[in-house]
Structure formats: C-alpha cells, structure tokens
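Participant: Got a structure for you, written out below as structure tokens; questions coming shortly.
The values are calculated or read from the model by the stated rules, or taken from the named source; none is laboratory data. This is a predicted model, so every value here is computed, not measured. Counting neighbours? That spans all protein chains shown, and the Cβs are built from the backbone with ideal geometry, glycine included. Surface accessibility is based on the protein's heavy atoms, side chains included, excluding ligands, DNA and RNA. Shrake-Rupley method; radii C 1.70, N 1.55, O 1.52, S 1.80 Å.
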Amino acid sequence: MTGTAPHLCPLVFTSTHGGTTREARRLQLEARRGSLVRVHRGTYAVAADWDDLDARGRHVVLTRAVTRGLDRRCTVSHDSAAALWGLPRVHDAYADVVTVIDPRRTTTRRSTDLLRRPGSVPTADRDELHGVWLTSLERTAVDVARSASFGDAVLCVDAVLRRLVLPDGHRTGAAVEAEFLRRRTRLMSRLGPSSHPGGRMARRAVEFSSAWAENGGESLLRVVLFELGLSSVELQKTFILDDRFLGRCDVFLRASGVAVEFDGHIKLTDPEILAGRTPAEAIRLRGRRDRRLLRHPEIRHVVHCEYADLVFPERLVELLRTADVLIDPRRVTDAARVARRRFVGASG
C-alpha cells in the first residue's frame, strides 16, 4: 500500500439504521457510481482510498467498520488481530470475516463479516490500537500458533519475539539471548498441553521460532531450509576480519560455509531502503559486499535468493547446489509438496 494507512482510511457511516433512509440511498447510489465502496453494512470508504489498500489494509478497514458496533467486551483476535498488529503471514489472502472473542458466546458463530469465538480475554491480554480493542502481541502469537499452519505460525511468532526482544533493532549478546529465551519460554507456557487442539503444532512452531529474522521473508526462508533438511542455520550472522566489519548475512549455513541472502523486491524498489540510490547502484553495492564477505575464511559462497525461490523450493535447491550444498533429493520432493499446499492450496 502506498497511500493512506488503513487505520487512517476515512469511513463514512450512515447515521440511522436501515437501507431505505434518504442518507442510506444516497450512499448506495454513490457506491453504484463507483465513488464509494461498501465495506460493511452501513459503512463505506472512498473508492480511491480502498483501491490503494493491499489485502491486509482492507482487512484492517473491515475490522474497524465491524467493531464499531460491537460490545466493548468483544476482542479482535487471531488473524484479524495479526493484521491490525501488522504481523507477517505466508500469503496475502485474508478471510472476509473479522474474528473476535466474545465472552457471551458458548459456541463459535459466523455471520456476515464476523466470526465470534467463545472465551474470555483477561485485561492483561487486551490492548487498544487505533481505537480497536484486540489481543496483545503475546496473546495474538499464541492464538495464531494454535490455529494456523506451521509456516504462518513461525512468521507470526518470529515477528512478535523480534518486537519484544529487539525493539530497537539488531543486537546480540548474553543479555539479549537470555531475554529471548525468557520470552519464548513464556509463550510456551501459555500454549497449554500438546493434547489441546493445535497444541502440538503450536509448540513445534514456538520451539522453532527466533527473534533474529528481520522480516517475514527471512522467517519463511528459514522454514524452507528446515524442510530441506538444513536445520543448522544462523540468522543475521556478523563477520569481522582483522577487527574490520565485513558484513552481516541473513542466514549462514555453517556446515557448508554458505551465506544466504534473501533479496526481496522491496530492496530494489523501496525509496527508504535505497536511500537515494538507483536500483543499479544498489546491485553494485551488493556485489562489493559479497566480495567483502568472501574474504572471511568461514565463507565459501554467497547465495542470493528471492521470494519465488521459496514458493518453488526446487529453485532454491539449484542455487544451493551451485554452492556445493548437499541436499537429499527426497527432502526436495517433500519440500516441494509442502510448498504447493502452502501457496497453491491457500487459494485453491
């Protein structure tokens, strides 16, 4: 999204109930003409603003519209809370319903634009964000870990741990590691026994989690490498030679001496990341950095991959094989099957 932030996207509400009032008919007419978009019953957004939103942004706007008329005891949760917090996920498809935990419900109930889950949310597990009551970061991580796929759970938990452990950016050291272990243990203790629905997968995801993945792409890269049998990886590894900083790589495969860099499209398109440089200049700087890293005796190869290589693990395997990384062909077949379920199955 490049325009209005979703929590600032203006909403137009009908001031009276019913679809036959003069005001409601006027808004319906503007929606038919294309100047407005109906977001929820009696709630509209300016079409230009709506068109400028990505899938997450539209879900945030839908959440704002739906929760406006809910009891304050209802708490936005699960995927909807993750969307509000801006937590990453494997794909950008969101359900067309807002999920809330409603203490008045004893069973799950779905209605238009709303999924109500039974349960209660303690005050310590509630936060208010842009006027919406939602589950805290920790509670959101626990709920997503219990209900999502392994990939989505890891991306969410990684991001939450990074915000809690490294709020000011990358750091290392004994104190940081101790804080990470404390936070992760706390999440584990909140999952409950593995016999609970989704408990086993949730514990597996939290045990696998890390606070050192800088974004969802790096978390997903680590998941795919794990599925390929490359479990011994180091995230954001810093290399120094003769007291000189050479660089920091996204993933380091120590057993193979291979530094793996995740090059998302954003690195060549985001003005903030480019910092006044052209994409061509950014690529030249990347090459210089690679040559510096290769001076270090522990690094034999530097491999660059992109999002498509995670969608199709066979492509990532070919890149790694050029760097002499040995991977069991059976692992490749299994990882490709998992990737098809993860991406194609998500929309098919």
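Participant: Assuming residue 202 fulfils every condition listed in (1) open to solvent by less than 70 Å² (accessible area, probe 1.4 Å); (2) touching a strand residue (DSSP E or B) at 6+ places or on another chain (Cβ under 8 Å) apart from one, which condition is it?
Facilitator: Exception for residue 202: condition (2).
Participant: Are any residues in the range 241-267 open to solvent by 50 Å² or more (accessible area, probe 1.4 Å), in contact (Cβ under 8 Å) with a residue 40 or more places away in the chain and in contact with a strand residue (DSSP E or B) (Cβ under 9 Å, 6 or more places away or on another chain), and if so, which ones?
Facilitator: Matches in the range 241-267: 248, 254.
Participant: Using the structure shown, decide if residue 143 is under 30 Å from residue 249 (Cβ atoms), crowded, with 23+ Cβ neighbours inside 10 Å and acidic (Asp, Glu).
Facilitator: Here the answer is no, as residue 143 does not meet what is asked.
Participant: Does the range 213-222 hold any residues that are closer than 16 Å to residue 141 by Cα and open to solvent by 30 Å² or more (accessible area, probe 1.4 Å), and which are they?
Facilitator: 215
Participant: A further question on this structure: Hey, can you tell me all the residues within the range 174-187 that are open to solvent by less than 70 Å² (accessible area, probe 1.4 Å) and over 12 Å from residue 143 (Cα atoms)?
Facilitator: 176, 178, 179, 180, 183, 184
Participant: Here's another thing I want to ask about it. Kindly indicate whether residue 74 is surrounded by fewer than 24 Cβ atoms within 10 Å (Cβ to Cβ) and in contact with a Ser or Thr (Cβ under 8 Å, 6 or more places away or on another chain).
Facilitator: It is true that residue 74 is surrounded by fewer than 24 Cβ atoms within 10 Å (Cβ to Cβ) and in contact with a Ser or Thr (Cβ under 8 Å, 6 or more places away or on another chain).
Participant: Next up: Can you tell me which residue within the range 274-283, out of those that are of a type in the set (Gly, Ala, Ser) and within 28 Å of the chain's Cα centre (by Cα), is least open to solvent (accessible area, probe 1.4 Å)?
Facilitator: So the residue we want is 282.
Participant: Taking only the range 181-222 into account, find how many residues are touching a residue at least 24 places away in the same chain (Cβ under 8 Å) and of a type in the set (Ser, Thr, Tyr).
Facilitator: So the answer is 3.
Participant: Right, next: Looking only at helices (runs of 4 or more DSSP H) that fall completely inside the range 34-93, which ones have 1 or more residues that are at positive phi?
Facilitator: 78-85
Participant: Additional query: Quick check on the range 62-81. Is at least one of its residues touching a Gly at 6+ places or on another chain (Cβ under 8 Å), free of Cβ contacts under 8 Å to residues at least 60 places away in the same chain and within 29 Å of residue 154 (Cα to Cα)?
Facilitator: Looking for residues that are touching a Gly at 6+ places or on another chain (Cβ under 8 Å), free of Cβ contacts under 8 Å to residues at least 60 places away in the same chain and within 29 Å of residue 154 (Cα to Cα), one finds none in the range 62-81, hence no.
Participant: Can you tell me how many residues within the range 96-126 are in contact with a Leu (Cβ under 9 Å, 6 or more places away or on another chain), open to solvent by 60 Å² or more (accessible area, probe 1.4 Å) and under 24 Å from residue 57 (Cα atoms)?
Facilitator: 1
Participant: Suppose we filter the range 219-248 for residues that are in a strand (DSSP E or B) and under 20 Å from residue 162 (Cβ atoms); how many remain?
Facilitator: Looking only at that region, the number is 6.
Participant: If residue 228 satisfies every condition in (1) at pLDDT 95 or above; (2) open to solvent by 40 Å² or more (accessible area, probe 1.4 Å); (3) of a type in the set (A, V, I, L, M) but one, which is the exception?
Facilitator: Residue 228 satisfies all of (1) at pLDDT 95 or above; (2) open to solvent by 40 Å² or more (accessible area, probe 1.4 Å); (3) of a type in the set (A, V, I, L, M) except (2).
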